[in-house]
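Written out below as structure tokens is the structure these notes cover.
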Amino acid sequence: MDKKKEYLKILNTYKKNIDFYNVSKKCLNKTAQYKGDRLTIYETSVCVVAPTLISYMLWVLKEAQKRDIKKLYFLARDGLIMYEISKILIQNYNFNIECRYLYCSRLSLINPIYIVDKEEAINFYFKADHKVTINVILKKMALKANERKIIIEELNIKNKNLNKPLDKQEIKILKNNLIKSKISDKLLSDKSGKEYEDVLQYFREQGMFDEKKYAIVDTGWIGTIQRCLRILLESHTKNSLNLIGFYFGITAPTNSKDGEYLSFYFKKKLIDRKIMFFNVELFECFCYANHGTTIGYKRSKEIIYPILKKHKKNSLSELQFNTLIMYTKLFCTHNYYINLSVKNLDNFLSPIIKKIMLYPSYDEAKVYGRILSSDVPESFVRKNLKSKIIKYFVIHRIFEKLKIKKKYDNSESLWIMGSIALIDSKFLKRYLTINIWIYEFLRITIKQFQRSRKI
């Protein structure tokens, strides 16, 4: 069956609650101007991405309304498209909620935290994203070249080891050495002090110290930014803050000290199988913003501006962004507020999300493989699976997990089902898929069982 028809069939099942079906169908009649990759992006945007993000934003706005929240801060960069969608929904459905777009990132918030909570900042520097090397750690500290050199010499690090992936023991030793180093502490404290004043002034300008009740909105996952915001805001007000965050999904345990984490798609239960079928990197492609990551703040004529990392614009993600805006406007003409129901929206979206994340077409895998997610510096989809096929066998992956000393492998696909979709052999596709499913089922089950033991 044609992929578009599969998506429309699912959208049709929810038509009585929210009519995405006729909106998507109408948009699909306007595809004559698109070909190749642009056609794939357009069709996926109107059949998958738009219904998903609009559903999430309707849930956020209705929940905010219930809680008497008057202001929402959408966090850069994933929050940009959500911010634009929400403004259209608010204008058409008369929600009494103000929207702000907050330029921030883990990198822009963690360095100012050093002067408030050194342990928290150092833990972030050493936190494993995809690999931990000395250069990755120094990059997170955002130090100048001469400052990095001072730390390298102080900690007696050889240049040949700067890009070597560190194991757990090496990370522990390096972390302890950094904590003990007075020179490193002085450099980081001086830098943090200035950045701390700038970020607090930015928050002040954005109205975060006003009395109006507000919440933050983001894609989610592990809740680092909410924790950073809570630490910084509390350090200034000297009062405990019940910060509220709306997220598409939270995939890790959170600390109640950091406030409320409200999750739309994943629910707080022992085992949520939706996690097994979900790909964070692909979802972040749906929220791709064509501006760089916030790496700090600068003061100009008493006004604070965000400093953005250089960014190469992507025509495909721009098309997706513009299509989502167009779709949202059309959606509002097809749906009256009184008829909108957000009941079980997450369950309605589940088969659509599974359909693209687990069973992407060749074209979907190829195109979204070219749109890099916000946080991932390496290749998104790997095509050369045949030469690396053994690493995806269940037994091999379990054996690798049990190893005490693991080697970092940067050749693993970050969207394995996308990589499988690019393989020609039907037998190989099926065999790999079965292995991936078994491994993911075991991984999620064991992980959540371990969490339940800690509760």
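For segment 299-334: of the residues being assigned to a strand (DSSP E or B) and not basic (Lys, Arg), which is least open to solvent (accessible area, probe 1.4 Å)? The qualifying residue least open to solvent (accessible area, probe 1.4 Å) is Ile304. Filtering Lys30, Lys25, Lys9 for residues that are in a loop (DSSP other than H, G, I, E, B) and out of contact with any Asp or Glu (no Cβ under 8 Å at 6 or more places or on another chain) leaves a single hit, Lys30.
So which residues in segment 286-344 are out of contact with any Ser or Thr (no Cβ under 8 Å at 6 or more places or on another chain) and of a type in the set (Phe, Trp, Tyr), if there are any at all? Tyr305, Phe321, Phe331, Tyr336, Tyr337 - these are the residues of segment 286-344 that are out of contact with any Ser or Thr (no Cβ under 8 Å at 6 or more places or on another chain) and of a type in the set (Phe, Trp, Tyr). Residues of segment 178-221 that are open to solvent by 70 Å² or more (accessible area, probe 1.4 Å) and either closer than 15 Å to Leu109 by Cα or of a type outside the set (Asp, Glu) (or both): Ile179, Lys180, Lys182, Ile183, Lys186, Lys194, Glu197, Arg204, Lys212, Lys213. Against the criterion of being in a loop (DSSP other than H, G, I, E, B), basic (Lys, Arg) and surrounded by fewer than 19 Cβ atoms within 10 Å (Cβ to Cβ), Lys175 does not qualify.
Conditions (1) at pLDDT below 90; (2) more than 30 Å from Leu414 (Cα to Cα), marked per residue:
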| residue | (1), (2) |
| --- | --- |
| Ala121 | no, no |
| Ala128 | yes, no |
| Lys131 | yes, no |
| Ile137 | yes, no |
| Met141 | yes, no |
| Glu147 | yes, yes |
| Ile157 | yes, yes |
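Tallying residues that are buried (at least 19 other Cβ atoms within 10 Å of the Cβ) and within 23 Å of Val48 (Cα to Cα) within segment 282-298 yields 8. Residue selection: Thr40 satisfies the criterion of being among the hydroxyl-bearing types (Ser, Thr, Tyr), touching a helix residue (DSSP H, G or I) at 6+ places or on another chain (Cβ under 7 Å) and surrounded by fewer than 23 Cβ atoms within 10 Å (Cβ to Cβ).
Among residues belonging to segment 335-356 that are of a type in the set (S, T, N, Q) and assigned to a helix (DSSP H, G or I), point out the one that is surrounded by the fewest Cβ atoms within 10 Å (Cβ to Cβ). Ranking the qualifying residues of segment 335-356, first place goes to Asn339.
The values are calculated or read from the model by the stated rules, or taken from the named source; none is laboratory data. As the structure is a computational prediction, the values presented were derived from the model and not from experiment. Here Cβ is always computed from backbone atoms with ideal geometry, including for glycine, and neighbour counts include all displayed protein chains. Each accessible area value is taken on the protein alone, full model and side chains, heavy atoms only, with ligands, DNA and RNA left out. Shrake-Rupley method; radii C 1.70, N 1.55, O 1.52, S 1.80 Å.
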